Structure formats: structure tokens, C-alpha cells
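The values are calculated or read from the model by the stated rules, or taken from the named source; none is laboratory data. The model shown is predicted, which means the values in this text are computed figures rather than measured ones. Ideal geometry is used to build each Cβ from the backbone, glycine not excepted, and the neighbour counts take in all protein chains shown.
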Amino acid sequence: MAIDLSAFDLSGKVAIVTGSARGLGKAMAKGLAQAGAKVVISSRTKAEVDATTDAFRKAGHDVLACVFDATKRDDCQRLVDATVAQWGRLDVMLANHGGGAYQMAEDVDEATWQRVIDQNLTGAFHCCQMAARRMIEQKSGGSIIVTSSTSSQVGFEGLMSYGAAKGGVDQMVRSMAFEWGRYGIRVNAINPGYTTHRHRSGYDPNDPKEIPVNQRTPLGRSGRPEEFAGPAVFLASEASSFVTGVCLNVDGGWCVA
């Protein structure tokens, strides 16, 4: 039987991608837009949001700019409200925002712990909850995707608080998938491994610091931001209509090495 490639088509769908002004979020937002979705570009930094929105519009994509702070519950609601005011519905929420802090476990202070939990776990929950409430009201299902991390599954030196937050994200995804499946809402995570976007000043695969990463990764390299667009489109679209509660590693095989 032939594969129905139209299942990947997102034409007519409305998607929010948080943290989408740069890096992985921008790449995934671009993938959704290229698949036909109307996309909300959202982040905390107005200049970056405006620049990315302008670039998407010049490429012919239908986008909306929204500056917001995921750690503020009211901002998460405002993000959903602005989306619905613009296009009348919400079909996809991709909660991609987050951030870490390098501290050994014995040195993690209360302020750092709380900031990392708020950014990565609580902020993701607020976005998912606000999106789900709208999707339940629409009675047409939807797809919620959260960017997690391989640090939710394996240890990384100095990333204990980040790993704890992302571990919470993984379990949150499974729990929400279980509860919201009755409404036709699918909830999944994308768990990135090492990626080139972490080098904001440029990526050099021959940098001595990269050699251990390349040697440890079965595919022998870090991932590229554009390699996350495909998984995002898959999970957002009807191509994954029977997939929910899954934490999808996109890590070059790091977690199986």
C-alpha cells in the first residue's frame, strides 16, 4: 500500500512555537511553516522575534510575532489568546523554550534551581495547559510537542538541575498524553542531543572540545538545527496520528551508545 504523503501536510493548521526566534525553535518553526502551517514566532527578545518574523514573511510564510516570557503564567495565556484572535484556532503547540546552568550538584543554589525549573518545566506546563484548554474547547483535537533533552535520560556533568527539569518534562508529557487522549489531543516530546546551535559564535567540528562528543555519538557528529524540522512536522501532523506519550530522541544515537 502506498504511503499517503499528504498526511504530513499542515495547510490550514495553526501552530505556536515558543523559543522560535533562533536555534532549534527557529528551525522547527520553519519546518512547520514550509509544511503549510500558520506559525506564531515567540520568544522573550523582541529584536530577535521581529527579525525572525520578518525573514519568514519575506519567504512567503503566514506568521505572527509575539513577545512573551514562559515563566509568567499570564504571558502563556496571552500567547494563546493572541493566536486565536489572529487565526481563530490553535492546532499545534510546540513548547521549545528553556535554558540550563552549568553547576555541579553540590554547588547548585536555590535561585539557580528555581530558575531552571521555572524555565524548563513550569513554563512548559503553562503553555501546554493553556493550549490544551483551547483545543478541548474547539473539540477538534490537536498536537502538543515539548522540547525535552537527552539529559532527562542520562547524566551530564554540571547539568543536574537541567536534567531534573527535563526528566519532569518527560513524565509530564506521558501524563498529559494519558489524560488528554480522550479529547483527541496527542502529547509528545522531542529530546535533542548535542547540536551545533549551542555554539552561538559558530561551530567547528574539528574543535578539540568536539572530539569527545563526536567519538561518543554513533553518527559521529553533533546534530544540525534543520534536522529537527522533520521530527517536528511528523509529530505535528496526521502522519503521527497514532503516536502519543512518546519521548523521541533526536541525538545521533547518544542514548544507545
Residue list for region 16-33, restricted to those being of a type outside the set (A, V, I, L, M) and either farther than 16 Å from D91 by Cα or in contact with a Leu (Cβ under 6 Å, 6 or more places away or on another chain) (or both): G19, S20, R22, G23, G25, K26, K30
Only listed residue being in contact with a Pro (Cβ under 7 Å, 6 or more places away or on another chain), modelled with pLDDT of 95 or more and surrounded by 23 or more Cβ atoms within 10 Å (Cβ to Cβ), chosen from L90, L10, L79, L24: L24
Per-region count, region 98-120, residues buried (at least 23 other Cβ atoms within 10 Å of the Cβ) and at negative phi: 2
V243 vs. criteria at pLDDT 90 or above and either surrounded by 13 or more Cβ atoms within 10 Å (Cβ to Cβ) or more than 20 Å from the chain's Cα centre (by Cα) (or both): yes
Only one of A232, A239, A177, A164 that is part of a helix (DSSP H, G or I) and either touching a Ser or Thr at 6+ places or on another chain (Cβ under 6 Å) or β-branched (V, I, T) (or both): A177
Criterion: part of a loop (DSSP other than H, G, I, E, B), modelled with pLDDT of 90 or more and crowded, with 16+ Cβ neighbours inside 10 Å - qualifying residue of G220, G252: G252
Top-ranked residue of region 33-49 - restricted to ones that are of a type in the set (V, I, T) and not in a helix (DSSP H, G or I), ranked as farthest from H97 (Cα to Cα): V39
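If you check I144 against the conditions, is it part of a strand (DSSP E or B), modelled with pLDDT of 95 or more and either touching a strand residue (DSSP E or B) at 6+ places or on another chain (Cβ under 6 Å) or of a type outside the set (K, R) (or both)?
On the way: part of a strand (DSSP E or B): yes; modelled with pLDDT of 95 or more: yes; either touching a strand residue (DSSP E or B) at 6+ places or on another chain (Cβ under 6 Å) or of a type outside the set (K, R) (or both): yes.
Yes.
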